[in-house]
Amino acid sequence: MTKNLVEELRWRGMIHDMMPGTEEQLQKEMTPAYIGFDPTSDSLHIGSLVPIILLVHLEKAGHKPVALVGGATGMIGDPSGKSDERNLLNEEALAKNVDGIKRTLARFLNFESDKTNAPLLVNNYDWMKDFSFIEFARDVGKRITVNYMMAKDSVKKRISGDSNSGMSFTEFTYQLIQGYDFYHLYKNHNCLLQMGGSDQWGNITTGTELVRRMNVGEEAKAYAMTCPLITKADGSKFGKSEGGNIWLDAAKTSVYKFYQFWLNTSDEDAEKYIKIFTFLDEVSVKELIATHKEAPHERALQRKLAEEVTTFVHSKDELEKAIAASNILFGKSTSEDLKGLDEQTFLDVFDGVPQAEVSKKDISEGLSMIDALSGKTSFLKSNGDAKRALKENAVSVNKEKVKEDFTITVKDLIADKYVLLQRGKKSYFLLKVA
């Protein structure tokens, strides 16, 4: 092995529970290990970055990462950490989600590689679709007692919780189906380890138990490892912004917003996240933390975190575009910089800025500055205010200073429909052509 995977994950704070013998197995030989991804959406959000990064660490350490997309388990719904029954997806929605997650995972793991430890992508629907209920009850259900299943935290919390809905037989069987996945991968791909979040410990250990019980008379060994669930220092949910989840798909969360999420991390969280969400070595991380503590206002930790994660998820080119977009608000920029933004990034940068609509005819004929500032908008209170601001050289159109004789025309449009007005340094207003 190229390095001790457990040692690497331990200093990063990425190990919560680990079955005895796991570290020794990983040190002994190339070990196939899997993590499951539930197809609850057609993309993954940053909560899924941790399992993705775990698989990348596995590959870097010389082991074989196996990514399982739960086409079958997605039909059931994992009860772990849930207080109520999940709504079941129809097959069409599920198929769409499975395809989306496969595309997302393929950005981080090369499933076409011919290396001996090449990543493997599987869908548990492929081996569960022809399994009859009778066969499953006889061959799998017979191996695990109800007492064993009832002792799991995910089951106990639902049954003894405040919810009146209890737990359906459907969700109760989830741990058996996930356990069978482990057995299938063990038998067909020599998969010896399952990894996941700490809330998955019950499901994962059911898998190791099933591997042992379905291999009577064989030397069956299966291992489990979980990582802590990521939290924020202030107690709020990780991975959420005011607009909802932070997705790994740029069509759902723009690269600019993604970059800003990491850039706005608190000092305490950034110190933790730099270890978990980047591949920087231990020495570099320690130096970076020390540098940050000497001058916290420069936010060296947050900048490096945002750069590393954005590059990993989206690419170096997309990172540079996100930085350029950030500089539009916080640094010097030009009209050309603004016009280089796509519409979604432009709207993200100026999210919350007041706006008014003007007609295409107004722009085609040329919109005077007095009309733009006051006559046809409510940016400034009166034409008199508009004239004073223009005389004081305090007004900009698309980041460039203008005088009273300036006329806004089609050539000034950003993304063919916007004009950015500005008074002073911080007062922005959008004209939208409708």
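The values are calculated or read from the model by the stated rules, or taken from the named source; none is laboratory data. The structure presented is a predicted model; accordingly, all values stated were derived computationally and were not measured. Here the Cβ positions follow ideal geometry from the backbone for every residue, glycine too, while neighbour counts run over all protein chains shown. The area values use the complete protein model at the heavy-atom level, side chains included, leaving out ligands, DNA and RNA. Shrake-Rupley method; radii C 1.70, N 1.55, O 1.52, S 1.80 Å.
Data overview
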item	result
In the range 389-404, residue nearest to Val349 (Cα to Cα) [restricted to those that are open to solvent by 30 Å² or more (accessible area, probe 1.4 Å) and in contact with a Leu (Cβ under 9 Å, 6 or more places away or on another chain)]	Lys399
Boolean, Val358 is surrounded by 13 or more Cβ atoms within 10 Å (Cβ to Cβ), in contact (Cβ under 8 Å) with a residue 12 or more places away in the chain, under 21 Å from Tyr256 (Cα atoms) and of a type outside the set (Phe, Trp, Tyr)	no
Filtered residues of the range 98-126 (kept if open to solvent by less than 70 Å² (accessible area, probe 1.4 Å), over 20 Å from Ser43 (Cα atoms) and in contact (Cβ under 8 Å) with a residue 60 or more places away in the chain)	Asn117
Cβ-Cβ under 8 Å pairs, at least 6 apart or on other chains, the range 21-50 side part of a strand (DSSP E or B), far side surrounded by 19 or more Cβ atoms within 10 Å (Cβ to Cβ) and basic (Lys, Arg)	Pro32/Lys64; Ala33/Lys64
Qualifying positions in the range 47-79 - open to solvent by less than 10 Å² (accessible area, probe 1.4 Å), out of contact with any Lys or Arg (no Cβ under 9 Å at 6 or more places or on another chain) and modelled with pLDDT under 95	Gly70, Thr73
Unique match (being over 30 Å from Phe136 (Cα atoms), of a type in the set (Phe, Trp, Tyr) and touching a strand residue (DSSP E or B) at 6+ places or on another chain (Cβ under 7 Å)) among Trp262, Trp247	Trp247
Condition check for Ala233: at pLDDT below 95 and over 19 Å from Glu320 (Cα atoms)	yes
All positions within the range 159-210 that are outside any loop (DSSP other than H, G, I, E, B), β-branched (Val, Ile, Thr) and open to solvent by less than 40 Å² (accessible area, probe 1.4 Å)	Ile177, Ile204, Thr205, Thr206, Thr208
Unmet criterion (only one of (1) at pLDDT 95 or above; (2) out of contact with any Phe, Trp or Tyr (no Cβ under 7 Å at 6 or more places or on another chain)) for Glu92	(1)
Residues that are modelled with pLDDT of 85 or more, more than 15 Å from Gly207 (Cβ to Cβ) and acidic (Asp, Glu), drawn from the range 140-193	none
For Asp416: the one exception among (1) open to solvent by 30 Å² or more (accessible area, probe 1.4 Å); (2) farther than 30 Å from Phe261 by Cβ; (3) of a type outside the set (Gly, Ala, Ser); (4) free of Cβ contacts under 8 Å to residues at least 24 places away in the same chain	(2)
Test: Glu308 is modelled with pLDDT of 95 or more and either open to solvent by less than 80 Å² (accessible area, probe 1.4 Å) or part of a helix (DSSP H, G or I) (or both)	yes
Which listed residue, of Asp371, Asp351, Asp337, is open to solvent by 50 Å² or more (accessible area, probe 1.4 Å) and either in a loop (DSSP other than H, G, I, E, B) or at positive phi (or both)	Asp351
Which listed residue is open to solvent by less than 60 Å² (accessible area, probe 1.4 Å), closer than 29 Å to Arg107 by Cβ, part of a helix (DSSP H, G or I) and in contact with a Ser or Thr (Cβ under 7 Å, 6 or more places away or on another chain), from Leu319, Leu301, Leu288, Leu329	Leu319
Test result for Gly239, open to solvent by 60 Å² or more (accessible area, probe 1.4 Å) and on the phi > 0 side of the Ramachandran plot	no
